[in-house]
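The structure appears right after this line, and notes come after that.
The values are calculated or read from the model by the stated rules, or taken from the named source; none is laboratory data. Source: prediction; values computed, not measured. Positions of Cβ are backbone-derived with ideal geometry, glycine not excepted, and every protein chain shown enters the neighbour counts. Side chains included, ligands, DNA and RNA excluded: accessible areas come from the protein's heavy atoms. Shrake-Rupley method; radii C 1.70, N 1.55, O 1.52, S 1.80 Å.
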Amino acid sequence: EARASEHTIRRTESILRALATMSRELFAQVDWRSALISSFQALGVAAEAEGAFAVSFSVQDGQPARVVDACWLQNAPGQVNCAWVNSLLNQTHGWEPGLQNREPVQVPGVCVHEIGDGLGSLTLLPVFLYGALWGALGFYTGGEPLVRSGPEIEALGTAAHVLAAAIERSDRSRIVGEANAKLELALEGGGLATCVLHPELKTMEFDERASRVLGREAAEGYVSIDEFDSWIHPDEVFTYRL
């Protein structure tokens with residue numbers, strides 16, 4: 001029992017080290033799927049799993065649907081093997097009843113399944129996005145079922161939280177990028193220019209169109225507030241200061 005406990009502690013420490021690497025990679029890259037695939041190997045090896053994957057759930061035409069977003073297999077590293085993951089999940093029960101019934105999905109904090117005799121075990125950890133179930137992280141082991149300790153489950157659960165944060169960050173960046181692109185099109189189409197006031201720096205920043213209107217080089221996109229004040233027509237000073 002002491003040897004087994006020591007082994008579990010070492011495995012948990014390995015998972016935490018791999019998790020730190022995964023966190024850095026997820027937040028350093030724009031494409032979280034690529035970052036996850038590249039970091040899955042270290043996390044899977046640390047968890048002594050033969051395969052690790054991230055799968056997102058949805059409902060399409062009233063039927064549950066799964067998308068394998070990232071996958072690592074010990075025998076095929078870097079390969080997203082959707083058939084393998086779906087086959088594995090089809091052997092589990094009680095994970096997606098809400099999807100079948102089109103009701104809110106209720107899942108416990110962690111689901112651990114034993115998959116048949118001699119087929120090993122599958123640890124599934126829910127990934128919640130904006131308060132709703134997005135999907136799950138899975139860690140598969142063959143042979144004898146692997147019993148994971150509480151701290152180990154918590155470490156793997158942290159990986160699910162980190163993944164959710166990376167996806168939300170990616171979504172926000174995409175939404176902001178789309179909004180900026182639409183704003184740019186509107187400004188260009190309307191012949192409008194923009195300037196931004198930086199009170200803490202006491203400067204005004206102009207976009208390229210405003211710089212052209214003012215007869216300045218695009219590189220000279222900043223002027224002091226005092227200089228900008230001097231350009232305001234006397235009749236407009238009161239409105240401008242408001």
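Only residues that are more than 20 Å from S34 (Cα to Cα) and open to solvent by 30 Å² or more (accessible area, probe 1.4 Å) were counted across region 154-165, and they come to 1. If I filter region 231-242 for residues that are surrounded by 11 or more Cβ atoms within 10 Å (Cβ to Cβ), outside any loop (DSSP other than H, G, I, E, B) and in contact with a Phe, Trp or Tyr (Cβ under 8 Å, 6 or more places away or on another chain), do I get at least one hit? No: zero hits.
Against the definition (modelled with pLDDT of 85 or more and either on the phi < 0 side of the Ramachandran plot or open to solvent by 90 Å² or more (accessible area, probe 1.4 Å) (or both)), how does E168 come out, yes or no? Spelling it out, E168 is indeed modelled with pLDDT of 85 or more and either on the phi < 0 side of the Ramachandran plot or open to solvent by 90 Å² or more (accessible area, probe 1.4 Å) (or both).
Restricting attention to region 178-193, does a residue exist that is surrounded by fewer than 15 Cβ atoms within 10 Å (Cβ to Cβ), aliphatic (A, V, I, L, M), farther than 30 Å from Q74 by Cβ and touching a strand residue (DSSP E or B) at 6+ places or on another chain (Cβ under 7 Å)? The answer is no; no qualifying residue exists.
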